[in-house]
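The values are calculated or read from the model by the stated rules, or taken from the named source; none is laboratory data. Predicted model only: the values in this text are computed from it and were never measured. Glycine gets a Cβ as well: all are built from the backbone with ideal geometry, and neighbour counts include every protein chain shown.
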Amino acid sequence: MPSLSNNPRFKGITLPPSGWVLAVLLAVYIFTGLIGHDPWKHDDAISIGLAYDVLRNGHWLTPELAGQAHPDAPLYYWTAAITGHLFSWILPAHDAIRVASGIFTLLALQFILLAARELHGRENAAAAPLILAGSIGFLYHAHEAQPMLTALTAHAAAYWALILLPRRPLQAGLTYAIAAAVGFLANGLLPIVTLIPVTVLALWQSTDWKKYLSILIGAILLALILIAAWLLPLQWLAPDYLAAFFASEIESLSKNVQPWANTPRYLNLLLWYAWPALPLAAWALWAKRRQLRNRTIALPALAFLSTLLILGVSVELRSAPSLLLLPPLVLLAVPGVMTLRRGAAAAFDWFAMMTFTLFAAIVWVAWSAMVFGWPQRLARQAVRLEPGFVGHFDLLNVVFALLATLAWVWLIVTSPRSPMRSLMHWMSGLTLFWLLVASLWMQWIDYGKTFRAVSSSVARVVADPNECLANANLPDAIVSSLHYFDGLRTVPFQTKESAQCRWLIMQGQPRDPGAIADAGWRKVWEGRRPGDRRESDKFELYRRSGSARKAAQLTDIPVEGPEDPAVRR
């Protein structure tokens with residue numbers, strides 16, 4: 001395939017891609033799949049539930065989750081509530097809320113472009129957003145309601161500010177102040193803690209560190225003023241919420257993790273999460289091994305190492321915080337693209353083209369099985385995984401997918417020789433794969449991931465959404481889904497308020513069903529999503545048949561459930 005581009009019959013895009021081409025490609029990549037599906041489990045459902053509370057109930061200062069306090073940094077939920085208000089006339093509320101992720105993702109790509117331009121030069125800068133957007137972990141989170149995308153944006157902006165500091169100190173100081181404030185207001189202490197070593201390193205490498213230190217001190221003071229705009233009213237009006245917020249933040253950074261085991265787990269995660277940024281960064285380190293003290297290598301390399309160590313020492317392995325590892329890794333990988341040897345670049349190019357051409361073919365064949373029942377064996381497998389699913393032919397989605405496939409063929413045929421061609425093919429191929437999945441498979445994926453049917457079934461049994469509904473072992477994502485879909489608010493079982501509830505819902509198997517019956521609860525419904533097969537995925541709904549006093553005697557319900565309900569992020 002590369003040989004076809006030596007004398008192309010049709011003119012392709014220029015490499016590196018121009019501003020408009022890059023902007024259109026990234027916009028399509030971001031906003032396809034961001035809308036068009038229900039809230040899904042984990043962070044997506046929780047974040048949508050919190051933003052929905054701000055939008056509908058006006059809890060701007062203290063966002064709540066289905067009527068319960070949920071201390072968390074609020075900036076993402078504020079932004080999501082605003083996009084929910086602006087776009088709810090044309091989109092469902094959850095899709096309109098999720099537009100905030102698209103905005104922060106675009107900003108992150110813009111700031112990483114600016115940082116790469118300042119660090120590596122204008123001619124190499126376009127590689128940075130292509131590497132970031134081409135990272136599989138970034139794709140995973142960029143299409144959900146994810147507050148950590150705001151912290152990612154803040155970090156990319158802060159890196160740009162620190163690199164810009166020697167040339168435009170005042171602009172850099174203002175940018176750094178806003179970035180630090182945004183990082184805290186979006187995700188609390190973690191973005192700030194991981195930014196401190198990078199700031200110290202940038203000062204240490206500067207020629208006039210005393211001058212730049214005074215500017216950064218002023219930036220930090222400005223950031224504190226911006227942060228205080230939320231903290232001071234919170235201290236005045238809701239001190240308990242503020243205390244719970246800081247307690248949660250400190251606890252999240254001081255968990256008893258084993259650093260020597262946790263840090264390698266993060267590195268193991270990066271093998272797929274940060275592909276192709278990780279191998280390109282490793283090559284850049286090797287190719288520039290005689291320039292390790294140069295800030296183009298030293299700053300992103302040490303920023304990556306310090307962030308990795310902080311996460312490894314204090315944060316249990318999770319996918320979302322790993323986003324903070326991507327900006328320094330991307331900045332380190334940019335020179336790796338431009339210095340990649342011809343044989344390695346050609347191999348990477350072929351790998352990208354063949355891999356995503358094969359993936360595209362698989363998506364089309366699987367779509368045919370879902371909609372037309374051919375191949376029959378694959379169609380049976382699709383129904384076995386999601387029992388009851390019936391595929392429908394959607395002309396608009398099919399046309400969109402067909403155009404994306406044709407654009408991919410045109411791109412690989414016409415792309416000119418360039419050190420950036422392999423990277424362009426990788427990012428474009430990943431975009432094609434995501435576009436095809438979002439347009440052809442989304443019905444099937446959403447059918448298996450949404451809790452809409454489960455929530456509707458519970459609502460039909462309870463009948464009155466104002467009824468008191470206690471929950472045992474329900475993860476926050478399920479609590480949010482019940483409230484969002486059908487207005488069902490639950491209260492934790494081990495509270496005084498739950499003693500007055502006539503309804504109880506749990507996920508998983510109770511270890512002592514007899515104790516529940518003895519306490520006056522009778523099971524009236526059970527259900528699960530179509531594709532859930534484990535007993536721990538099943539929901540059970542109970543109605544109280546005894547007196548409130550008798551029911552309140554049951555103070556705890558040990559449940560064999562799928563996850564810890566205390567996990568919020």
Which pairs turn up if I take residues in the stretch 286-308 that are among the aromatic types (Phe, Trp, Tyr) and look for partners that are assigned to a helix (DSSP H, G or I) with beta carbon separation below 7 Å, at least 6 apart in sequence or on another chain?
Phe304/Leu325; Phe304/Pro328; Phe304/Leu329; Phe304/Leu332
With the checklist (1) surrounded by 14 or more Cβ atoms within 10 Å (Cβ to Cβ); (2) at pLDDT 90 or above; (3) β-branched (Val, Ile, Thr); (4) out of contact with any His (no Cβ under 9 Å at 6 or more places or on another chain) in hand, flag the one item Val365 doesn't pass.
(1)
Restricted to the stretch 2-58 and to residues being in contact with a helix residue (DSSP H, G or I) (Cβ under 6 Å, 6 or more places away or on another chain) and exposed (fewer than 14 other Cβ atoms within 10 Å of the Cβ), the residue modelled with the highest pLDDT is Phe10
Scanning the stretch 269-290 for residues that are farther than 19 Å from Ala125 by Cβ and assigned to a helix (DSSP H, G or I) gives Leu269, Leu270, Leu271, Trp272, Tyr273, Leu278, Pro279, Ala282, Leu285, Trp286, Arg289, Arg290
Tally time: how many residues in the stretch 169-184 are of a type in the set (A, V, I, L, M) and surrounded by fewer than 24 Cβ atoms within 10 Å (Cβ to Cβ)?
4
Mind checking which pairs have a first residue in the stretch 8-26 that is farther than 16 Å from Ser422 by Cβ and assigned by TED's automatic domain parsing to the domain that holds Thr105 and a second that is at pLDDT 75 or above and part of a loop (DSSP other than H, G, I, E, B), Cβ under 6 Å, 6 or more apart or different chains?
none
Given the criteria in contact with a helix residue (DSSP H, G or I) (Cβ under 7 Å, 6 or more places away or on another chain), surrounded by fewer than 18 Cβ atoms within 10 Å (Cβ to Cβ), at negative phi and at pLDDT 90 or above, does Ser319 qualify?
yes
Test result for Pro63, in contact with a Ser or Thr (Cβ under 7 Å, 6 or more places away or on another chain) and under 23 Å from Phe246 (Cα atoms):
no
Considering only the stretch 323-343, I want to know if a residue exists there that is surrounded by fewer than 24 Cβ atoms within 10 Å (Cβ to Cβ), within 22 Å of the chain's Cα centre (by Cα) and among the small types (Gly, Ala, Ser).
no
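Got a sec? Which helices (runs of 4 or more DSSP H) wholly within the stretch 129-245 have at least 3 residues that are closer than 21 Å to Val334 by Cβ and in contact (Cβ under 8 Å) with a residue 24 or more places away in the chain? If you could, list the steps in order and put the result at the bottom.
Values: elements: 136-142, 148-164, 169-187, 189-205, 209-237.
Filter on the stretch 129-245 gives 136-142, 148-164, 189-205.
Taking the options Gly102, Gly84, Gly49, Gly58, name whichever one is of a type outside the set (S, T, N, Q) and free of Cβ contacts under 8 Å to residues at least 12 places away in the same chain.
On the way: Gly102 fails: free of Cβ contacts under 8 Å to residues at least 12 places away in the same chain; Gly84 fails: free of Cβ contacts under 8 Å to residues at least 12 places away in the same chain; Gly49 fails: free of Cβ contacts under 8 Å to residues at least 12 places away in the same chain.
After ruling out the rest, the residue left standing is Gly58.
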